[in-house]
Structures are given as structure tokens and as C-alpha cells.
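The values are calculated or read from the model by the stated rules, or taken from the named source; none is laboratory data. Nothing here was measured: the structure is a model prediction, and the numbers come from that model. Every residue, glycine as well, gets a Cβ built from its backbone with ideal geometry; the counts of neighbours run over all protein chains shown. Ligands, DNA and RNA are stripped out before the accessible areas are found, and what is left, the full protein with its side chains, is counted by its heavy atoms. Shrake-Rupley method; radii C 1.70, N 1.55, O 1.52, S 1.80 Å.
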Amino acid sequence: MKKILVLALLCLSLPLAYQAQAKEAEYIGGEPEIHARVMGVSEELRCLVCQGQSLADSNSDFAVDMRGQIQEMMETGMNDREVVDFMVQRYGDYVRYRPPFNATTFLLWFGPFILLGVGIAVLYTNVLRRRKQIEEVPLTEEEHRRAAELLEEGSGENKA
Amino acid sequence: MVRYLAPLVIFVVMAGFLYYGLSLNPQDVPSPLVGKPAPQFELSQLHQTEQMISRDSNLGKVWLLNVWASWCVSCRQEHPVLMQLARSGEVPIYGLNYKDERDAAINWLQDFGNPYVMSAHDYNGRVGVDYGVYGVPETYVIDKQGVIRHKHTGPVSPQALKETILPLVRELKG
């Protein structure tokens, strides 16, 4: 039991170790405090050249330039929000890894829940319809007798 | 009947969406700048260092801003198209030489020909960022009021020029 627990903990800590390493590799100088903020914001922004990655994950020229630009902007005193707004103004909402909630992204956010609702509704109506189809038919005298006989037989066997 | 048709209908609708998705170009990120005034810039010219070039110097005419660099391979692909457009005299093309060494850029134009009325030298790429440049080449159509009306990402093909860019230019010229 203990072994399994240790193994599970190790597996869980693996991605953490990987992340820490990935961040370390990209230190491009400057105050550690600003560097941490640059990396934080970079995780929220998409690298437009290598679209499946964030600016923090990518080492493409574009991502490196962008991190340099973000660092410069932060050094002039811009806060994280202003930096993200700056990027969105130029590259559109697409640059954000976490899409904002608005009319065009409504389905993105609520689509799964709407589908879940539809599924539950379909299931509910189906179950309801089936219940109505099931009719209770009372047993006849003959059937009562036969059932009693069978039960008797069963209990006899159990005793034996 | 319905219970057999429903899966078919759902399949057809999904296939339709997926097929449409296949035809989209994932590199083509819609620019939020289309319909907005082109960002201001003031840069030195590529050939005459002491002369400045700015957005406002082109107010009153329809023009193309083409982002290029000597290190950009696909720029060579679109270059003949730009040369031909420049010869036709239909619309002036201004270059934004993006993150490039001045000498390398001038040599490149000498080797392949210069379709640009003039090029602005954006050495550190700051103007490029203001225009939302992420992959060179990119081409912007800018109207008489200095508003960006269209952005083309990637090399301009003869087809894109004929079907999208030139009709728009003619319409904007009025």
C-alpha cells in the first residue's frame, strides 16, 4: 500500500518537475521579480507561429521576441493586465489562451453544459415514456397457485 | 423512421462542419486592426537613412504596406507578383523592412528588384508588433483616411491579388 502511494505521488510530481525545468531554460536576464511576471503573462498568451504552444513554452524567434517585448513593457511599469490588453489590441482575442467570455465564445463556454442538459432531457422523456408503456397485469388464480408451488419447491431444496 | 434518420442527419451536419474546417487556413488569424486606423509610425527610410517615413505621409491615397525581410524565404515567392503590380502602377507599394540588417536588405532589393516606392527600416520590429505582424510576409491595404481595410497573411498569390486585393483597391480609390 505504501509503495503504491509513493509511486502515485512521484507520478503527480513529474509534471511539476517538468514545468520548473521548462521555465528555467528560458531565463533571458533582468530582475527575477519581473522575469516571474513575464513568464506568468507568457503562459496566458498564444505563440501565433506555433499555435499549439504558449509564448512561455515556445522557443521560436517570435516567442523569444515577444517575451523580450513583454519584459521591456513591464520594466517601464506596465502591469500584467495592460500587457495582455496591448497584445489583444494587436493580435486579437485569439492570442489569449483563455478565451474571454463574450457573444462569440458563448458556445465555447456553455456548449458542453447545453449538450449535457439536452442529454438529460432526452433520457428523462424516454424513461417517462417507457414507464407509461409498462402495464400491471394482475395474476390469475392458476398463476398464483403455480407461483406458490415453485416457492415451496425452492425452500425445500434449500433445506436439504 | 425518425429514429433511423436522426443519426444520418447528425452525421451529415457534423461532416459539413468538419469539411468546412478542413478548408480553413489555421495561419490566417483574423486581425483586429482591420477597419481601424493604421498604427502611427515614424521610421527612417531604408535607402536614405536621414529621411523619415510615416503613416501620415500617405494620407489621401490608397496604398499597400508590405512587410518583408531579406531573411524571409516566402518573400521571394511573392516578389514577382509585387514587381508586376508595381509595373502596372495600379497602387503604390510601401515596404516595411522587418527586423533586417540595412545592408542585407538593400542588397536583396538590388538582386531581385525593388517594387517599393520606398521602404521603412523597422530594425527592432516595434512597428511590426504594432501592426500585429507575426509571420513575414504580410500585406495591408490602407485607404485614403489611413484606415486598414484588409490584411493578407503570407505570400500574395496572383489569385489573391486579382480576386481580393485589386478589386478592393479599385473600390477604395472610388
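Some points to look at:
- The range B:1-27-the range B:99-174 distance, computed between alpha-carbon centres (Å): 38 Å
- These residues, A:R98, A:R90, go from largest to smallest accessible area, 1.4 Å probe, as A:R98, A:R90.
- Loss of accessible area when B meets A, both sides summed, Å² nearest 100, probe 1.4 Å: 1200 Å²
- Exposure ranking of A:I70, B:I10, B:I106 by accessible area [1.4 Å probe, largest first]: B:I10, B:I106, A:I70
- Gyration tensor (alpha-carbon) shape descriptor, the range A:105-159, a/c threshold 1.5: oblate
- Solvent-accessible area of chain B (1.4 angstrom probe, protein heavy atoms only): carbon and sulfur portion equals 59 percent.
- The residues of the range B:1-133 expose on average 57 square angstrom of accessible surface per residue, using a 1.4 Å probe on protein heavy atoms.
- Surface composition of the range A:105-159: carbon and sulfur atoms hold 65% of the protein heavy-atom accessible area at a 1.4 Å probe.
- Extension gain (nm, one decimal) between B:S23 and B:V2, 0.36 nm per residue minus Cα-Cα: 4.4 nm
- Chain lengthening between A:N59 and A:T125 when straightened (0.36 nm per residue, less Cα-Cα): 18.4 nm
- Interface residues, the range A:78-109 - accessible area loss of 50 Å² or more versus chain alone, probe 1.4 Å: A:R90, A:Y91
- 1.4 Å probe accessible area per residue over the range A:58-160, in Å²: 80 Å²
- Two-site FRET efficiency, B:R102 against B:K144, from Cβ-Cβ distance with R₀ of 25 Å, rounded to 0.05: 0.20
- Global form of the range A:21-100, assessed from the alpha-carbon gyration tensor, a/c cut-off 1.5: oblate
- Shape class of the range B:29-173 from the Cα gyration tensor (axes a ≥ b ≥ c, square roots of the eigenvalues): rounded, since a/c falls below 1.5.
- Once the C-beta distance of B:V12 and B:E50 is scaled by a Förster radius of 45 Å, the resulting FRET efficiency is 0.10 to the nearest 0.05.
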